[in-house]
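Structure record follows, encoded as structure tokens.
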Amino acid sequence: MSRNPFTSNTYQDYWLKHFAQGKQSYSFDFIKNLQFIKHHYLPYYVNAGKNSTNGITYDLDCGEEDFKGKTCLIYDVPNYQPLNNSAKPNGLKVYKIRQYKGFLANLNGFSNLEDYMVSVMSSKSRTKYRSTLKKFEHCFNTTYKIDYKSITKERCSEALAEFKELLQKRHESLGIDTSIIDKWEFYNDLIYPMINEGKALLISVYADNKPVSMSLAFVEETKLTGAVKAFDPDYYKFNVGHIELAKLIEWCFENYVSILDFSKGEYEYKTKWTNESYLYHCHVLFDSSNVFSQITAYLLAKFFEFKQYLRDKNFNLFVVKLKYKLKNLFRNTSILDTKIEVEPLAKNIDLNLFKLIDLKDSNSVYLKRIIFDLIYRKPEPLSNIKVYTTNQKNSKSFIVLGELNKFKIHIN
């Protein structure tokens, strides 16, 4: 029986509830553990989950023949995990179309985080990581939390609300659109039962009781698959996303997880932390004795080959950036013309001309990141820092006073 979290009844049932739009679901004897829905217009079936999963595995039963006259599309099958389908039913054929590249950390043969880091990072990179972690924990009151196998509905709802805010803030900083937010009601329903069933976990990094980096991952025996990840760009200098990954790898060693799959997409942090790469494929299964099934499968294969061609040309990145620009066409774009000036503070300054502000309540989109960058260069606890502004309405001048950091910031 498959233990793939994306083919579990919980995952598939919630996906069907949110995305099948009332369509009937189908199960077939020749392919185990997968549910399908029929395309609204075209004569083929597509797996529950479609491209929302992070890796589908399946088994074929060579003794069954209910594939006759059918064409089935299965998204995101990783090629590093062999399928138990070498003995296909007679007459069943499969097209395998290359799609995304994936990355994973194979932890077999390593005893702990440091041991693994030595194998994938240079001495300089490891030193930088340790230095950044030390600065982060010195400057902020830091905590690390992993929700796994036990979570209350209240905690889950709160964590997912925080996660959504991080995702929105991160993608706004990148200037790209994301479809994950559109699926958030699905995650709101799914994650609570999946965590309590031991099929998912949430890892959170907190700075002064505020989440600054979070990830959702799915669990399959000794394998962990990352699905959604976001961090607060205000903390960019402190590499909180990398710190979170290191904590997740530590958890893998403590819980005898030997594969940390970083899933789809090529990003700098993946190439830095992983030691293996692989490919996802779309699988198109069809009845080779049926001409309509043959034609449908051939056209599907050519369609996905063309999509991959566009992806290889980075057309998908162009599309997500364009969608973001169109969505925000009428938003204030003065942010692009902002000029920031930072200068050492003069020794004699009359604080009576300024008022103390709470950095948490500041409506400046830049101020926190500027201050965090400053204390990264001269580490001291954020609790030491006091921020002042002038009494003038809508002032853009700020005074930063700490034991080590004393600056004036002006935002034009």
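The values are calculated or read from the model by the stated rules, or taken from the named source; none is laboratory data. Predicted model, so just to flag it, every value in this text is computed and none were measured. Cβ sites come from the backbone with ideal geometry, for glycine too, and all protein chains shown count toward neighbours. All accessible areas refer to the heavy atoms of the entire protein, side chains included, with ligands and DNA or RNA removed. Shrake-Rupley method; radii C 1.70, N 1.55, O 1.52, S 1.80 Å.
Here are some notes:
- Selected residue (criterion: most open to solvent (accessible area, probe 1.4 Å)) from residues of the stretch 365-387 that are closer than 19 Å to E172 by Cα and either part of a strand (DSSP E or B) or among the β-branched types (V, I, T) (or both): V365
- Number of positions in the stretch 275-317 that are of a type outside the set (G, A, S), surrounded by fewer than 18 Cβ atoms within 10 Å (Cβ to Cβ) and in contact with a helix residue (DSSP H, G or I) (Cβ under 8 Å, 6 or more places away or on another chain): 3
- Scanning the stretch 42-61 for residues that are open to solvent by less than 60 Å² (accessible area, probe 1.4 Å) and more than 22 Å from L260 (Cβ to Cβ) turns up Y44, Y45, V46, N47, A48, Y58, D59, L60, D61.
- Answer residue from the stretch 226-246, given it is under 17 Å from K145 (Cα atoms) and of a type in the set (D, E, K, R) and is modelled with the highest pLDDT among those: E244
- Any hit, the stretch 215-224, residues being over 26 Å from N108 (Cβ atoms) and in contact with a strand residue (DSSP E or B) (Cβ under 9 Å, 6 or more places away or on another chain): no
- Criterion (in contact with an Asp or Glu (Cβ under 9 Å, 6 or more places away or on another chain), over 26 Å from I375 (Cα atoms) and open to solvent by less than 50 Å² (accessible area, probe 1.4 Å)) met by exactly one of L166, L160, L113, L190: L113
- Candidate set from the stretch 258-274 (those that are open to solvent by 10 Å² or more (accessible area, probe 1.4 Å) and touching a helix residue (DSSP H, G or I) at 6+ places or on another chain (Cβ under 8 Å)); member that is farthest from L216 (Cα to Cα): K272
- Residue list for the stretch 62-83, restricted to those being at pLDDT 90 or above, open to solvent by 10 Å² or more (accessible area, probe 1.4 Å) and over 25 Å from F218 (Cα atoms): E64, E65, D66, K68, G69, K70
- When residues of the stretch 1-13 are limited to those that are part of a helix (DSSP H, G or I) and of a type outside the set (D, E), the one surrounded by the fewest Cβ atoms within 10 Å (Cβ to Cβ): N9
- Index of the failed condition, N209 passing every other in (1) open to solvent by 10 Å² or more (accessible area, probe 1.4 Å); (2) closer than 17 Å to N4 by Cα; (3) polar (S, T, N, Q): (2)
- You will find that of S179, S86, S123, the residue that is out of contact with any strand residue (DSSP E or B) (no Cβ under 7 Å at 6 or more places or on another chain), at pLDDT 95 or above, open to solvent by 10 Å² or more (accessible area, probe 1.4 Å) and not acidic (D, E) is S123 and no other.
- Where a residue in the stretch 92-116 is more than 17 Å from S277 (Cα to Cα) and its partner, wherever it lies, is open to solvent by 80 Å² or more (accessible area, probe 1.4 Å) and of a type in the set (S, T, Y), with Cβ under 8 Å and at least six apart: Y95/Y298
- Scan of the stretch 134-151 for residues that are more than 24 Å from I195 (Cβ to Cβ), in contact with a strand residue (DSSP E or B) (Cβ under 9 Å, 6 or more places away or on another chain) and surrounded by 14 or more Cβ atoms within 10 Å (Cβ to Cβ), ordered by number: F136, C139, F140
- When each of H18, H39 is tested for being open to solvent by 10 Å² or more (accessible area, probe 1.4 Å) and closer than 23 Å to Q308 by Cβ, the lone residue that passes is H39.
- Failed condition for N328, given (1) open to solvent by 40 Å² or more (accessible area, probe 1.4 Å); (2) modelled with pLDDT under 80; (3) within 28 Å of the chain's Cα centre (by Cα): (1)
- Test: F253 is modelled with pLDDT of 85 or more and either open to solvent by 30 Å² or more (accessible area, probe 1.4 Å) or closer than 27 Å to K145 by Cβ (or both): yes
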